[in-house]
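Below you'll find the structure, written out as structure tokens, and then a few comments.
The values are calculated or read from the model by the stated rules, or taken from the named source; none is laboratory data. If you're wondering where the values come from, they're calculated on a predicted model, not measured in any experiment. Cβ coordinates were reconstructed from backbone atoms using ideal geometry, including for glycine residues, and neighbour counts include every protein chain displayed. For the accessible areas, the whole protein counts, side chains as well, though only heavy atoms, and no ligand, DNA or RNA atoms are used. Shrake-Rupley method; radii C 1.70, N 1.55, O 1.52, S 1.80 Å.
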Amino acid sequence: ACKKPIEGRAGGQQVPVLPVVTHIIDTEHLTFKGEPYHPHHFDCFDCHRPLTHRAKELHSHLFCVQCYDTKEISVCAACKKPIEGRAVSAIEKKWHPEHFVCAHCERPFAGERFYENKGMAYCETHYKKLYGDPCFYCCHSTSNNEITQFGKSWCEAHFLCHGCDTHLKSSNAKFLEIDLQPYCKKCYGKLPDEYKKRLKKYADTLDKKEKAKK
């Protein structure tokens with residue numbers, strides 16, 4: 001603002017010094033866009049009252065504490081700072097995309113599937129190492145009554161037809177696999193004939209390859 005230096009100590013903290021020495025302030029300063037300023041140079045963007053060192057910055061504007069608290073602000077669960085741009089909603093919290101990471105390896109998910117345990121998010125690799133195979137439907141640990149099909153695991157209650165959500169049981173074999181997902185016979189029958197022919201041709205090709213290996 002005024003480009004006059006802020007020197008001395010404020011509230012027991014050493015206050016940053018601006019390049020040109022002319023005036024001294026013996027009260028606390030506020031920070032705006034990473035720079036220290038005298039508070040009396042600013043008014044609240046909403047109510048226009050003079051600001052103090054307690055002013056809060058949001059979307060490149062300064063607000064008094066009262067006005068700031070009325071804003072619907074998402075706070076990142078990791079860094080505890082306001083989220084001004086895109087946010088990730090997961091595990092009943094909000095995150096900066098770069099801060100939503102695996103709790104074990106700290107690699108960002110970047111839109112990839114994650115698995116939750118006790119309020120913590122994990123990548124598939126480390127979830128399996130720590131807790132075993134997760135349910136493909138709910139992403140939680142499977143119970144003792146898990147169902148394993150197509151190289152995946154499901155909680156028994158979550159083994160459902162991908163088309164109509166009908167509960168399936170692996171023991172009665174009344175389901176078919178399409179793109180590694182279970183479908184009941186009724187939903188399979190609704191598929192276009194041409195698509196079913198392609199699926200059968202693909203299955204026959206895989207079957208021939210398996211027989212050739214033997």
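Data for the structure
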read-out	value
From Cys155, Cys139, residue being free of Cβ contacts under 8 Å to residues at least 24 places away in the same chain, among the hydrophobic types (A, V, I, L, M, F, W, C) and over 13 Å from Leu180 (Cα atoms)	Cys155
Residue count for segment 115-153, restricted to those that are among the aromatic types (Phe, Trp, Tyr), open to solvent by 60 Å² or more (accessible area, probe 1.4 Å) and part of a loop (DSSP other than H, G, I, E, B)	1
Criterion (more than 30 Å from Ser60 (Cβ to Cβ) and either within 11 Å of the chain's Cα centre (by Cα) or touching a residue at least 60 places away in the same chain (Cβ under 8 Å) (or both)) met by exactly one of Phe109, Phe114	Phe114
Residues that are under 23 Å from Glu98 (Cα atoms), at pLDDT below 90 and in a loop (DSSP other than H, G, I, E, B), drawn from segment 45-79	His59, Ser60, Glu72, Ile73, Ser74
Residue that is surrounded by the most Cβ atoms within 10 Å (Cβ to Cβ) [pool: residues in segment 159-186 that are charged (D, E, K, R) and part of a helix (DSSP H, G or I)]	Lys186
Residues that are open to solvent by 40 Å² or more (accessible area, probe 1.4 Å) and touching a Phe, Trp or Tyr at 6+ places or on another chain (Cβ under 8 Å), drawn from segment 102-114	Ala103, His104, Pro108, Phe114
Long-range neighbours under 9 Å by Cβ, at least six apart or interchain, first residue more than 12 Å from Phe63 (Cβ to Cβ) and open to solvent by 80 Å² or more (accessible area, probe 1.4 Å) within segment 30-50, second part of a helix (DSSP H, G or I) and at pLDDT below 90	Pro50/Pro39; Pro50/His40
Some residue of segment 166-185 being within 23 Å of the chain's Cα centre (by Cα) and not hydrophobic (A, V, I, L, M, F, W, C)	no
Qualifying residue in segment 118-128 (condition: touching a helix residue (DSSP H, G or I) at 6+ places or on another chain (Cβ under 7 Å) and farther than 30 Å from Phe175 by Cβ)	no
Among residues of segment 187-212, those that are open to solvent by 70 Å² or more (accessible area, probe 1.4 Å) and in contact (Cβ under 8 Å) with a residue 24 or more places away in the chain, counted	1
Members of segment 82-106 that are assigned to a loop (DSSP other than H, G, I, E, B) and either in contact with a strand residue (DSSP E or B) (Cβ under 7 Å, 6 or more places away or on another chain) or touching a residue at least 12 places away in the same chain (Cβ under 8 Å) (or both)	Ile83, Glu84, Ala87, Ile91, His96, Phe100, Cys102, Ala103, His104, Cys105
